[in-house]
Amino acid sequence: MVSEISPLAERLALRYDAASGRRTIAGKEVLLHCHHYNARLQRTVESADLVEGKRLIVGAAETVFAEHVGLALREGDSLANRWAVAERLYAHLGFGRIDLSRVHEGVVLAPASHFVEGWFAGLGRPERRVCSFTEGYVQGAVHAVAGELVEVREVECMALGAPACRFAVAGGRTEPLARNVKRPLVFQARGGEWLHSPAVDERAIVEAVAAMPVAGGEDGLVPAFGVYLACMPADFYNRVCLGFLAEMRRVGRGAPAERLLAAEAEYCALNTYHGVLHSPEWDGLVAPMLRGPDDVLFATMTFCNALGYGQWHVAGLCPGQWMVVESVNGYEALGALEYVGRTAAPQCNGHKGAAAGIFALVYGEGPLSERFGAFHAVEEACIACGDPVCRFRVERVT
C-alpha cells in the first residue's frame, strides 16, 4: 500500500522533554528498547505454563495500538490514508514492515519483523511462530482505522523459514476491545542530593542522544549500537508486566516472576550498553569527556536518561562494590499507580535489573556471560508504594 501523506512526518515526530526524560511519538510516551529485551520478555511471558502469556502479549498490543494508531489519525484522512498511517507507524517505531492492503481479504503480510530478528540475534531459531505482538498490533489498527473487531492469527512466520510472516484476519468477533483505562495521576518529581562527575557533560550527552534519528528505515528496522532498537509505548510494557505479575501471583509464583523480569532487563542492559560503549557515537561524543575510572558509569547513566525511561541519578557509590541509584519518575512505578493504584510492594523490576546490568558492565570482569548475575539489585523504596523516589541498591555478589 503506497500513500503519500505530507503531514505524516510531523505527526510521527519525536518530542523529547529533558525535564522528565520522556519521549513522545504521536501522543504516546515511548521507550527505546532493544531486541534482546523485547524478544526475551515475550519468551518469558509466553513460556510460563501456568498463565496465558500469549493472550497478555496480544491483548496489550491490541489495546495500546488501537489507541496509538487512533492518536496518529486526523479528521479528514481518507480510508487509504488511514491504513497508510497504521503501516507507517509500525515501521516508524522500528517493528518492521506490514502490508495492510489486503486486510479485508483476510490477509496481512509482514516482510520484516523486529521480533523475528530479535529471536534470531539473541535466542536462536525458535520452534514456533513468534509474532504475537504483530497479531495484537493489527487487531488494534483495524479497530482504529475501520472500527471493526477482528481476530488475527499468524499462519506463516519467517522465524520458521517462511519468506514473510503471514497473518489470517477473521471478522465476526464478539469479544470487545479492552480500552486503555488508567487512573488520573498527579505526580511531581522531587530533587535530591546526587553524585556527578565534573568531567561528564550530562546536558550535552542527553541533547545529542535525544537528537539522534531513531526511526525504521526501508525495512522498518532500527539497527544501532549492535542491536535492533524499537520505540515501544510504555503502556505496552506496563500492561504486559503488570498482567504477568498478577497472573503469576495468582498461582503462587509471584517472586519467580519478579526475578525473571529483572533478569531480562539485566541481560538487555549488559548487551545494549556494551554496544553503546563500543559505538562511533560514544567514541565521538562521550569518550573525550572521560577522565576518571568512574566516569563511564556516570556517562552511561546519563545516556539512559535520554531513552524515555525517566530520570536516573547515582546517589551513592563504592566503585566496583556497590551503588545506590534513585529514579525520580520511572515509567514502571508511575504505570503501576495509573493501572493498579498504590501498591504494597515495589514494582520496578525492569529498572532493578537494568541497574545491576549497567554496574556489571562497568565494573565486572570477563565476557558478558560471566558478568550476568555478578551483582544483585534490590529496590529499597518505590514511588508506587508512596515513597518520594524509587531507590535501588546494587551490590557485588560474594
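The values are calculated or read from the model by the stated rules, or taken from the named source; none is laboratory data. Predicted, not measured: the structure shown is a model, and the values here were computed from it. No Cβ is skipped: glycine too gets one built from the backbone with ideal geometry, and neighbour counts run over all protein chains shown.
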* Structure fact -> By residue number, the members of region 261-304 that are touching a strand residue (DSSP E or B) at 6+ places or on another chain (Cβ under 6 Å) and either within 24 Å of Gly192 (Cα to Cα) or surrounded by fewer than 22 Cβ atoms within 10 Å (Cβ to Cβ) (or both) are Gly275, Met301, Cys304
* **Looking only at region 181-199, and only at residues there that are aliphatic (A, V, I, L, M) and within 26 Å of the chain's Cα centre (by Cα), the one that is nearest to Asp387 (Cα to Cα)** => Ala189
* One residue from Ala257, Ala336, Ala344, Ala265 being without any contact (Cβ under 8 Å) to a residue 60 or more places away in the chain, of a type in the set (Gly, Ala, Ser) and over 25 Å from Asp201 (Cβ atoms) -> Ala344
* Asked: Would you say Arg291 is without any contact (Cβ under 8 Å) to a residue 60 or more places away in the chain, among the charged types (D, E, K, R) and either in contact with a helix residue (DSSP H, G or I) (Cβ under 6 Å, 6 or more places away or on another chain) or not in a helix (DSSP H, G or I) (or both)?
  -> no
* To do: Taking Glu127 as the residue in question, decide whether it is surrounded by fewer than 21 Cβ atoms within 10 Å (Cβ to Cβ) and free of Cβ contacts under 8 Å to residues at least 40 places away in the same chain.
  => yes
* Could you tell me which residue of region 366-389 is surrounded by the most Cβ atoms within 10 Å (Cβ to Cβ), considering only residues that are acidic (Asp, Glu) and more than 17 Å from Asn271 (Cβ to Cβ)? => Glu379
* **Count of region 71-97 residues which are of a type outside the set (Phe, Trp, Tyr) and under 22 Å from His114 (Cβ atoms)** => 14
* region 102-117 residues that are assigned to a strand (DSSP E or B), paired with ones that are of a type in the set (Asp, Glu) (beta carbon under 8 Å, 6 or more apart) -> Val108/Asp99; Leu109/Asp99; Ala110/Asp99; Pro111/Asp99; Pro111/Asp219; Ala112/Asp219
* Asked: Taking Ala162 and the conditions (1) touching a residue at least 24 places away in the same chain (Cβ under 8 Å); (2) surrounded by 12 or more Cβ atoms within 10 Å (Cβ to Cβ); (3) more than 25 Å from Val240 (Cβ to Cβ); (4) not assigned by TED's automatic domain parsing to the domain that holds Pro288, which numbered condition does it fall short on, given that it satisfies the others?
  -> (1)
* Tell me, please, whether a residue that is in contact (Cβ under 8 Å) with a residue 60 or more places away in the chain, within 17 Å of the chain's Cα centre (by Cα), outside any helix (DSSP H, G or I) and surrounded by 22 or more Cβ atoms within 10 Å (Cβ to Cβ) can be found in region 5-23. => yes
